[in-house]
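Engineer: Can you keep this structure in mind? I'll have questions shortly.
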Amino acid sequence: MDDKKALRVEIGLRVKRLRENLNLSRKNFAEIVDISEYFLVQVELGKRGVSNVTLCKMAEALCTTTDYLLTGREGMSDVSSITALLEKVDAPFLIGAEMLLKGYINSINFIKTKAEKQWKGEK
């Protein structure tokens with residue numbers, strides 16, 4: 001397999017995995033990104049490449065970066081990416097988003113504390 005084909009296959013697999021993780025059907029995702037469902041299938045199978053514009057739309061819809069779609073490497077997340085996501089939430093839903101985020105962070109801290117105690121042999 002040549003390098004271009006291998007890259008298309010890797011991008012397609014990442015797009016498919018992220019789309020499925022978000023419980024988006026091919027039809028819904030294709031509509032969001034403004035491409036045909038057939039074209040999406042071709043991308044996910046690595047048979048077609050995407051334009052820069054489509055790659056950016058896909059990354060945004062999948063809540064990831066173009067870097068991740070292209071390379072599979074995740075960069076360090078920063079607060080600006082979280083802020084950018086929150087800016088897309090309608091005002092009435094911001095309180096719910098804040099509550100979800102706080103709950104998620106509390107869960108992470110609880111799991112982290114529990115894991116640290118296990119590593120130290122505590123109960």
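The values are calculated or read from the model by the stated rules, or taken from the named source; none is laboratory data. The structure displayed is predicted, hence computed values, not measured ones. Positions of Cβ are backbone-derived with ideal geometry, glycine not excepted, and every protein chain shown enters the neighbour counts.
Engineer: Condition check: touching a Leu at 6+ places or on another chain (Cβ under 6 Å) and without any contact (Cβ under 8 Å) to a residue 60 or more places away in the chain. Does I11 satisfy that? If you could, list the steps in order and put the result at the bottom.
Structural biologist: Values: touching a Leu at 6+ places or on another chain (Cβ under 6 Å): yes; without any contact (Cβ under 8 Å) to a residue 60 or more places away in the chain: yes.
Judged against the criteria, I11 is a match.
Engineer: With (1) at pLDDT below 95; (2) touching a Gly at 6+ places or on another chain (Cβ under 8 Å); (3) within 23 Å of S81 (Cα to Cα) as the list, and K5 as the residue in question, which single condition is left unmet?
Structural biologist: (3)
Engineer: I've got another one for you. Mind listing whichever residues of region 1-32 are in a loop (DSSP other than H, G, I, E, B) and either surrounded by 13 or more Cβ atoms within 10 Å (Cβ to Cβ) or not small (G, A, S) (or both)?
Structural biologist: Correct list: M1, D2, L22, N23, L24.
Engineer: Identify all residues within region 54-68 that are surrounded by 15 or more Cβ atoms within 10 Å (Cβ to Cβ) and outside any helix (DSSP H, G or I); write none if there are none.
Structural biologist: L62, T64, T65, listed by residue number.
Engineer: Taking the residues in region 38-53 that are in a helix (DSSP H, G or I) and of a type outside the set (A, V, I, L, M, F, W, C) as candidates, determine which candidate is surrounded by the most Cβ atoms within 10 Å (Cβ to Cβ).
Structural biologist: Kept after step one, since they are in a helix (DSSP H, G or I), are these residues of region 38-53: 38-44, 52-53.
Of the ones still in play, those that are also of a type outside the set (A, V, I, L, M, F, W, C) are 38, 42, 44, 52.
Working: Y38: 11, Q42: 17, E44: 22, N52: 8.
Checking each candidate, the answer is E44.
Engineer: With respect to T71, determine if the residue is modelled with pLDDT under 90, among the β-branched types (V, I, T) and loosely packed, with under 15 Cβ neighbours inside 10 Å. Don't jump to the end; show me each part of the working.
Structural biologist: Details: modelled with pLDDT under 90: no; among the β-branched types (V, I, T): yes; loosely packed, with under 15 Cβ neighbours inside 10 Å: yes.
No.
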